[in-house]
Every structure is written in structure tokens, then in C-alpha cells.
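Where a number appears in this text, it was derived from the coordinates with a stated rule and is not lab data. Bear in mind that the values here come from a model prediction, so they are computed numbers and not experimental data. Counting neighbours? That spans all protein chains shown, and the Cβs are built from the backbone with ideal geometry, glycine included.
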Amino acid sequence: MLKEEKINFIKENNLSKREILNYLIDDLVELNLNKKLSIKTILKLLEEKIGITYNYDVLARKIKEAKEEQITDDKIRIIAIVNFKGGVGKSTIANLIDIKDSIILNIDNTQDAKKINSIETYNYIDLLNEYGISSLEEIILGAKESGKKTIIIDTPGEINDIFLDILPEIDFFIVPFTIGDRSEEATISTIQTLNTILDDNENRKDKWCLVLNKYLLEDHLKELDLVFEESKKILGDRLVCKSSLKQSLVIPTIEKKKKTINELIKDNAIAYGAFKAKVKNLNKEIKSHIGVK
Ligand SMILES: Nc1ncnc2c1ncn2[C@@H]1O[C@H](COP(=O)(O)OP(=O)(O)OP(=O)(O)O)[C@@H](O)[C@H]1O
Ligand SMILES: [Mg+2]
């Protein structure tokens, strides 16, 4: 029930009612969640063991909040980088999102995961062929068990089986696009297609972010506003952010040298710093909407 040593600690340390509640909250959630004790029973238990009475609503709210926190803490966040148009920077942006305890899962079976950063990358096809990991549940479980919190999915230019499987689980979509070469039309069409499939799902919780990539002039940002307005007509409130990343020579240069961004710091600290500054904004924007620091 309640651990003897905790009860002793409370008695010996003259804690306030609030401090006691904070000290015991994980145990109380456990009693409520796993041992299925009602709030009333927990109230009684606290009175018997520690001699303290709490208001029912206060305790119920505290346990509910702590439960929600535990659940979100436990849940793996899934972010997908999507656009059926090739070459818009999906794999590049997957590498540039800087979220703690994240990995990239490449589900494009025709190419290897791109690695231009220190983030761990996995090819779905290798997990399947070499380790027999064949379902999304297994991947999520594996990620969770090894302490990962976020899976960033790099997607191909079409919907394959694994993409379809993952689609309802995706919390956050990032849609990079570029200017010209019919990229804007392809972007809207991608959003339309995915949104139609997702609409079958009653408990949709997905949020979206548009990223204008490889632009050159400030004037090009107007295009981002236009595509944002068009996308809003499809996604409504689910479209929560827009961001941008300028064309940068650093990306092709490190690709050519087969280096990662972090290795660039040894080659050229100025170029490294200038690039980091560019990516910082993109990350700030995206992360504030995903809810991570
Ligand atoms: N901001 C940028 N500045 C300069 N070059 C960039 C930028 N973003 C991407 N690139 C370049 O554009 C090319 C395409 O990028 P990337 O491979 O990330 O696109 P993709 O959408 O993943 O393509 P695919 O559909 O083939 O998977 C790469 O060679 C990359 O170097
Ligand atoms: Mg790619």
C-alpha cells in the first residue's frame, strides 16, 4: 500500500500537507491506476496512515494531473516529414530538427537514411530484414525501451504500407516545400491526400507545420504565406505553424565531404556557427508547437 519508509519520513520531517501530497503523488497515482483504488479509499488510507485529511476535489485533481503527466511522459512522439514531391528537403530537415532523445526512421525503402547530423538514423527495411521488426508497434516499443522519446519519420514520395500503418499515429506533420517546379501544387496535393486518409480517423490529434525550404530572397516568403492560406483551407486549425530555411551552401558542402554538421565545427567554426544560427529559428518555431524545449 503506502511504503513504511515514506510514512516514517513524513512523520520525522514535519512536512506540510502540500509537501506530503507532492512527496507521495507517484505512489498515489500507482494506487489509483494499477491497484484501482478509488479516490475515496485513498483519502481514507491517508487519514489512517498519516493522520491527514485532504479535500476530495483537491486530491482527485492532483492525481488526474499527475496521471496525465505520466502518460504523456511515457508516450513516444511521432513526427513525420512529408511531401510527395522529391528533393524538397524532407531528409535534410529530418536531420536538422533538434529534439532530445529522438531518432530518424526512414521508411523509404528505395534509399538509405540520410545522415548529416549526429542523430541516430534507422532504415525501416533494415529493421525488417536484419532484425525481423515488422510492425510499427514493435518499433515504438523498441524506441521506448531504449529511452527514446521522439521518432522522426522520413517519408518517401508515395504512400507505402508502412506509411499507411503509421499515418494515424503521427502527432505532428512537417511539410517542407520549395518554390517553383510545381512544388506548391504538389505540396497542396500531398496535404489533401493525407488529410483525406486521416479524416477516416475519429480521434485525430495531428498538427501540421509548413516549411519553405531552400529559398533565396526575403520576397519569397510571400509564397510561404500563400501556401499557408491554401493549406489552412484544407487543414483548418490543425495547421499551426509556418517556418522557413534559406538555401545554404553548407548542406551540399558537407554532403560532398561526407561529413556531419557537428564535424564541420572542426573544419570551419564560422560556417558551422552561421548555419546553426539559421537552423535555430526553424527549430524554435517547430518545437514551440510540438511542446518540447
Ligand atoms: N536549405 C537547403 N539549402 C541548400 N540545399 C538544400 C537545403 N535543403 C535541402 N538541400 C539539398 O536539396 C537536395 C534534396 O534534399 P533532400 O534529400 O533532403 O530532399 P528529399 O525531399 O528528402 O528528397 P527525396 O524525395 O528524394 O527523398 C539535397 O541534395 C540537399 O543537399
Ligand atoms: Mg529524402
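For residue 206, no residue 5 or more places off, or on another chain, has a built amide H under 5 Å of its own.
Can you bin region 121-263 into rounded, prolate or oblate? Criterion: square roots of the alpha carbon gyration tensor eigenvalues sorted a ≥ b ≥ c, rounded for a/c under 1.5, prolate for a/b above b/c, oblate for the rest. Since a/c reaches 1.5 but b/c is at least a/b, the shape of region 121-263 is classed as oblate.
Would you mind checking the pairs 114/246; 114/259; 115/149; 222/258 and listing those with alpha carbons more than 23 angstrom apart? Violating the 23 Å Cα-Cα cut-off are 222/258. In order along region 110-124, the phi-based Karplus estimate (6.51 cos²θ - 1.76 cosθ + 1.60, θ = phi - 60°) of 3J(HN,Hα) comes to 8, 9, 6, 4, 6, 10, 10, 8, 7, 5, 5, 10, 9, 9, 4 Hz; Gly and Pro are listed as x.
Distance from the Cα centroid of region 218-293 to that of region 87-151 is 19 Å (rounded to whole angstrom). Between 0 and 90 degrees, the angle of helix 221-235 with respect to the longest Cα principal axis of the chain falls at about 50 degrees. Candidates 290, 9, 170 compared by Cα position along the dipole of the chain: farthest toward the positive end lies 9, with charges placed on Cβ. Residues 196, 150, ranked from the fewest to the most other C-beta atoms within 10 Å, line up as 196, 150. Sparsely packed loop sites in region 205-251 (the GluC sites (Glu not before Pro) outside DSSP H, G, I, E and B with at most 13 other Cβ atoms within 10 Å) do not occur.
From the Cα gyration tensor of the chain, with a ≥ b ≥ c the square roots of its eigenvalues, which class applies: rounded if a/c is under 1.5, or else prolate if a/b is larger than b/c, or else oblate? It is prolate, given that a/c is not under 1.5 and a/b is the larger ratio.
What pairs from 100/287; 35/62; 40/67; 148/205 go past 19 Å between their alpha carbons? From the list (100/287; 35/62; 40/67; 148/205), the Cα-Cα distance tops 19 Å for 148/205.
Taking the Cα centre of the chain as origin, sum charge times position over the Cβ atoms of Lys and Arg (+1) and Asp and Glu (-1), and report the length of that vector in debye to the nearest 20. Walk me through the numbers on the way to the answer.
Numbers: 46 positive and 49 negative charges, 224 e Å.
The dipole magnitude comes to about 1080 debye.
Less than 5 angstrom separates the built amide H of residue 213 from those of 177, 178, 245, all sequence-distant by 5 or more or on a different chain. Taking the longest Cα principal axis of the chain as reference, the axis of helix 269-290 is set at about 50 degrees. Residues in region 245-259 carry Karplus couplings, in order, of 9, 5, 4, 9, 5, 4, 5, x, 5, 6, 4, 5, 7, 6, 10 Hz; the curve used is 6.51 cos²θ - 1.76 cosθ + 1.60 with θ = phi - 60°, and Gly or Pro positions show x. Shape class of region 4-69 from the alpha-carbon gyration tensor: prolate, with a/c at 1.5 or above and a/b greater than b/c. Per residue, the chain reaches -16500 deg cm²/dmol at 222 nm when only DSSP H runs of four or more residues are counted, each adding -39500 (n - 2.57).
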